[in-house]
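Remarks on the structure that follows.
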Amino acid sequence: MNHPYLSIVVAVRDDEYNLTPFMERLYPVLQGMGKAFEIIFSDDGSRDRSAQILRGMAKEYPGVKIIELNGSFGGQTAFLAGFGKARGVVVVTLAADLSDPPEEIPRLVAEMERGRDLVGIVSQKRQDRALRRVATRLLSLAGTALTGMRMSDPGCTLRAYHRDIVATINRCRETTTSIPVLAYSFCSNPAEVRGLHAERGSGEGNVPLSALLRGTGDQITSCSIMPLRLFTRLGLATTFFAALLTLLLLIWRFLVGAGLEWSLLLFAILLFFAGIIILGIGVVGEYVGKIYQEVRHRPRFVIRSSHGFTDD
């Protein structure tokens, strides 16, 4: 059987009301491109009727394939499950919640055909609340700065990957990772194009800020040791500052005498140093926890069932 040129990997999570309008937009776009394609829906343990709707689509639409995960493992893991089954030369990822416009896919593919091995969308005029946009921007800047990856919008799921990049990612066995950051570390000719961002359709709202914070933490600690280096430098700086402050306090003690104000200042500084120490322990704990997860060698996900693949 000939391999398709395009593999569209779609992450699904409680999208029963979004799947039909999503498919009504996606399928004509792919047909209009005139290239052989497959659509792999990766259902991340949906609790609604998403799985049943997807099974019906697999019968109705040629080229549609379904992966049903045995529980919720996260959007990144859902994409990884799809990567393991994708056969296309170009692999495109997007979410089924209508926030990623399928109409942008031809632009991504056209850029890939210019010799790129990774193309991402930079979302314009994001349809989020102001607080969420600010928080997302700050977290993206922090993740980009600490990983060294120059991505304008690392949180956007609409991306195109060359087959070689996907194959390399499939060989990586990390339990927690960030696919865009991992792909950027392997690619040699990435690109970004400006695109639109739409409001999520029906179903649950945006991902909570706590989940965004956790995802940024995974992105940083899974792909970089920069936080550890920063705390090493911070430790050297605070040690120098503490030594200087101790010297000043001793001089003040012998020349002027002890005072209440200096005692309060010293107490505040000790609390500040204690906070830094606790934060540093937390960062180290994140890395130790990931080591613990890796050494257990547990599978990253479990596939409950799949439909439409030749080995089913």
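A few comments on the model shown:
- Members of the range 262-312 found to be exposed (fewer than 11 other Cβ atoms within 10 Å of the Cβ), modelled with pLDDT of 75 or more and over 24 Å from Pro227 (Cβ atoms), listed by number: Pro299, Thr310
- All of Ala36, Ala51, Ala86 fail the test of being buried (at least 23 other Cβ atoms within 10 Å of the Cβ) and of a type outside the set (D, E, K, R), apart from Ala86.
- Being outside any helix (DSSP H, G or I) and among the acidic types (Asp, Glu) is a property that Glu68 has.
- If the condition is being touching a strand residue (DSSP E or B) at 6+ places or on another chain (Cβ under 7 Å), closer than 22 Å to Met112 by Cα and not charged (D, E, K, R), then the range 72-95 contributes Phe79, Gly82, Phe83, Ala86, Gly88, Val90, Val91, Val92, Thr93, Leu94, Ala95.
- When restricted to residues that are part of a helix (DSSP H, G or I) and within 14 Å of Leu26 (Cβ to Cβ), the range 71-104 contains 3.
- Whichever residue in the range 280-306 is part of a helix (DSSP H, G or I) and in contact (Cβ under 8 Å) with a residue 12 or more places away in the chain and, among such residues, is nearest to Gly84 (Cα to Cα): Glu294
- The residues on offer are Arg133, Arg55, Arg107, and the sole one that is farther than 23 Å from Glu16 by Cβ, at pLDDT 90 or above and assigned to a helix (DSSP H, G or I) is Arg107.
The values are calculated or read from the model by the stated rules, or taken from the named source; none is laboratory data. These numbers come from a predicted model, not from an experiment. Heads up, the Cβs are rebuilt from the backbone with ideal geometry, glycines too, and the neighbour counts pull from every protein chain shown.
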